[in-house]
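See below for the structure under consideration.
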Amino acid sequence: MSDHVILEAEALRGFTEDVLKAAGMRPQPAATVADTLVYADLRGVSSHGVARLGSYLDRIRAGVMEIDPQMRLIREAPASGLLDAGNGFGQIAGMTAMEIAIEKAKSAGSAVIGIANSNHFGVAAYFAERATRAGMVGIVLTNSSPAMTAFNTRIPLIGTNPIAFGIPAGAERPIILDMSTSLVARGKIRLASLTGKPIPLGWAYDDRGLPTEDAHAALKGSLAPIGGPKGAGLSLIIDLLTGVLTGTGLTGEVKNITDISGPSRTGHLMIAFDVSRFISPELFKSSVDSVVANIKAMPSADGGPVFMPGEMEAIGAERRARDGIGVPRDIFDTLRGLSVTYLGELRL
């Protein structure tokens, strides 16, 4: 028996949307959340895809997350705003805020929208790419639950806080850089612990703050930031700009998605700016194309192809949209359970 089940993207998207509607979400928000989750799976970021659906619904049932609140701007200026997510889905908050940022940038040239009282929003690339579709540059930041230590400390306080950039191009694909501030994802360490394999030295630290190859010890300790103190510093800055600036919470107060003891207290920041305020959009896009062409024409360090940020994920998404998405069997079984619970039938 294969350890993966191949599902068509549209079928998976429709299923996810129907489960969310059955749980009490309005059709349009349900379609948005479903699209963001399948987008992650298409790009090969399965840790942020439909695998998260069960955890979201667990949080709703526990009363620590709202299924479909009315989100509203509680502060607004011509080039900025603060959106109260009402403890709802981060995907809806992120999309709402980026759309507001794009509209404001059309008149103001650029706009920054903070998001307060939110939850996990999936992959940051989704919102950055949305800006590029409007011909704008997008920047996306979010904080997350403690997984790394502040520089020269031993107790995890800062998250793997990702940052994403979306740069529009012409004939080329847009450049989408979506990166966490940790060296590797916690999921890789968790997988190593399940299989009993060691992890490379430098990935993580034990609870004494010492580098370890033991995955179990690493899960009790902390992840290594990219670039040592530089990554730890960047993660802290992102937290200050998303959690503290929005009034959502202090550094270290975000709860993990599986922690149902209270609201997540996650904050985000969406930024969009209009290329035309700096340079002709056509010239900018053609120049980006030229940069891409120049880089790809350079000798490869390992003899393989040269990829731009986000390109491998985009190619993978095109392939999976055509051939189907491989869903791990345990996740597939969980989805079938949700199907029975919310839809009263086996849909997958």
Quiz item: Looking at (1) buried (at least 19 other Cβ atoms within 10 Å of the Cβ); (2) closer than 30 Å to Val306 by Cβ, can you tell me which one Lys188 breaks?
Solution: (1)
Quiz item: Taking interchain pairs and intrachain pairs at least six residues apart, which have beta carbon atoms under 9 angstrom, with the first residue in segment 258-287 and without any contact (Cβ under 8 Å) to a residue 40 or more places away in the chain and closer than 14 Å to Gly170 by Cα and the second part of a loop (DSSP other than H, G, I, E, B) and open to solvent by less than 50 Å² (accessible area, probe 1.4 Å)?
Solution: Ser287/Gly170
Exercise. Evaluate segment 61-70: report whether one residue or more is outside any loop (DSSP other than H, G, I, E, B), more than 20 Å from Leu7 (Cβ to Cβ), touching an Asp or Glu at 6+ places or on another chain (Cβ under 7 Å) and open to solvent by 10 Å² or more (accessible area, probe 1.4 Å).
Key: no
Practice problem: Among the residues of segment 279-288, count how many are aliphatic (A, V, I, L, M) and in a helix (DSSP H, G or I). | Solution: 2
Quiz prompt | Residues that are closer than 15 Å to Ile167 by Cβ and open to solvent by 10 Å² or more (accessible area, probe 1.4 Å), drawn from segment 111-131 | solution = Glu129, Arg130
Self-check item: Residues (modelled with pLDDT of 95 or more, part of a helix (DSSP H, G or I) and out of contact with any Pro (no Cβ under 9 Å at 6 or more places or on another chain)) located in segment 219-233
Solution: Pro229, Lys230
Self-check item: Candidate set: segment 296-348, residues that are open to solvent by 30 Å² or more (accessible area, probe 1.4 Å) and aromatic (Phe, Trp, Tyr); chosen: the one nearest to Gly44 (Cα to Cα)
Solution: Phe307
Practice problem: With respect to Lys220, determine if the residue is of a type in the set (Lys, Arg), open to solvent by 40 Å² or more (accessible area, probe 1.4 Å) and under 15 Å from Gly159 (Cβ atoms). | Solution: no
Quiz item: Which of the residues belonging to segment 10-57 are of a type outside the set (D, E, K, R), under 22 Å from Gly262 (Cα atoms) and out of contact with any Gly (no Cβ under 7 Å at 6 or more places or on another chain)?
Solution: Leu20, Ala23, Gly24, Met25, Val33, Ala51, Leu53, Gly54, Ser55, Tyr56, Leu57
Quiz item: What number of residues in segment 1-60 are open to solvent by 40 Å² or more (accessible area, probe 1.4 Å) and in a loop (DSSP other than H, G, I, E, B)?
Solution: 8
Quiz prompt | Residue selected from segment 48-64 under the condition at pLDDT 95 or above and of a type in the set (Lys, Arg), by the criterion farthest from Lys188 (Cα to Cα) | solution = Arg61
Quiz item: Looking only at segment 241-299, which residues are of a type in the set (D, E, K, R) and closer than 22 Å to Lys106 by Cβ?
Solution: Asp274, Arg277, Glu282, Lys285
Quiz item: When you scan segment 187-204, how many residues do you find that are over 30 Å from Ile295 (Cβ atoms) and not in a helix (DSSP H, G or I)?
Solution: 6
Quiz item: Which residue out of Ala108, Ala134, Ala79 is under 23 Å from Leu37 (Cβ atoms) and either open to solvent by 10 Å² or more (accessible area, probe 1.4 Å) or out of contact with any Gly (no Cβ under 8 Å at 6 or more places or on another chain) (or both)?
Solution: Ala134
Quiz item: How many residues are in a strand (DSSP E or B), of a type in the set (A, V, I, L, M, F, W, C) and open to solvent by 10 Å² or more (accessible area, probe 1.4 Å) if we restrict to segment 235-278?
Solution: 3
Quiz item: Given the structure, is Leu37 hydrophobic (A, V, I, L, M, F, W, C), out of contact with any Pro (no Cβ under 8 Å at 6 or more places or on another chain) and over 19 Å from Ser339 (Cα atoms)?
Solution: no
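The values are calculated or read from the model by the stated rules, or taken from the named source; none is laboratory data. None of the values given here were measured: they were computed from a predicted structure. Positions of Cβ are generated from backbone atoms using ideal geometry, with glycine treated the same way; all protein chains shown enter the neighbour counts. The accessibility values were calculated without ligands, DNA or RNA, using every heavy atom of the protein model including side chains. Shrake-Rupley method; radii C 1.70, N 1.55, O 1.52, S 1.80 Å.
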